[in-house]
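First comes the structure, then the notes that go with it.
Coordinate-derived values only; no laboratory data. Keep in mind the model is a prediction, meaning the values are calculated, not measured. So basically every Cβ, Gly included, is an ideal-geometry build from the backbone, and we count neighbours across all protein chains shown.
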Amino acid sequence: MWRGRVKPVSEPARVIPRWERTAANVPAPYLPLYRYLEHRYATTVVLTFAQMETLLGCELPVPARTEPGWWTAVGASPAHSSAWVEAGRTAVPNLPARNVTFDKLD
């Protein structure tokens, strides 16, 4: 009897795959880096500047190459950092080696 009162669903609910999800506060230019880091299961990911530029499709800004604080500052002001913060990682730059180590937060 109760079955007659249930309306059938016209369309099944769409499950959004993890790779299609985005962090709302990650700036569009840094979404490729966020997505890359979000989908790595390794505890530590090391990317060279060249690899990140390939992911982003453009050169990193000059401060990213010269100022360690560009990688370590987090919060509303350095919006670029949300790419790794939202992916649950910290960033440790090695400017002479031209790479950055992204470690998962515990």
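Can you tally the net charge around residue 46? Count Lys and Arg as +1, Asp and Glu as -1, for every other residue whose Cβ sits under 14 Å from the Cβ of residue 46.
So the surrounding residues net to +3.
Apply the Karplus curve 6.51 cos²θ - 1.76 cosθ + 1.60, θ = phi - 60°, to the phi angles in the range 29-39 and return the couplings in whole Hz, x for Gly and Pro.
Values, residue by residue: x, 9, 4, x, 5, 4, 4, 4, 5, 4, 9 Hz.
Taking the number of other C-beta atoms within 10 Å as the exposure measure, put 101, 72 in order starting with the fewest.
72, 101
List the residues whose amide H sits under 5 Å from the amide H of residue 46, counting only those 5 or more places along or on another chain, with H placed 1.01 Å from N in the peptide plane.
Counting only residues 5 or more places away or on other chains, the set is 102.
I want the local charge near residue 90. Using Cβ-Cβ distances under 10 Å, sum +1 for each Lys or Arg and -1 for each Asp or Glu among the other residues.
Net charge around residue 90: +1.
Using Cβ counts within 10 Å as a stand-in for footprinting exposure, how do 80, 39 rank, fewest first? Mind showing how you got there, number by number?
Details: 80 21, 39 10.
Sorted ascending by nearby Cβ count, the order is 39, 80.
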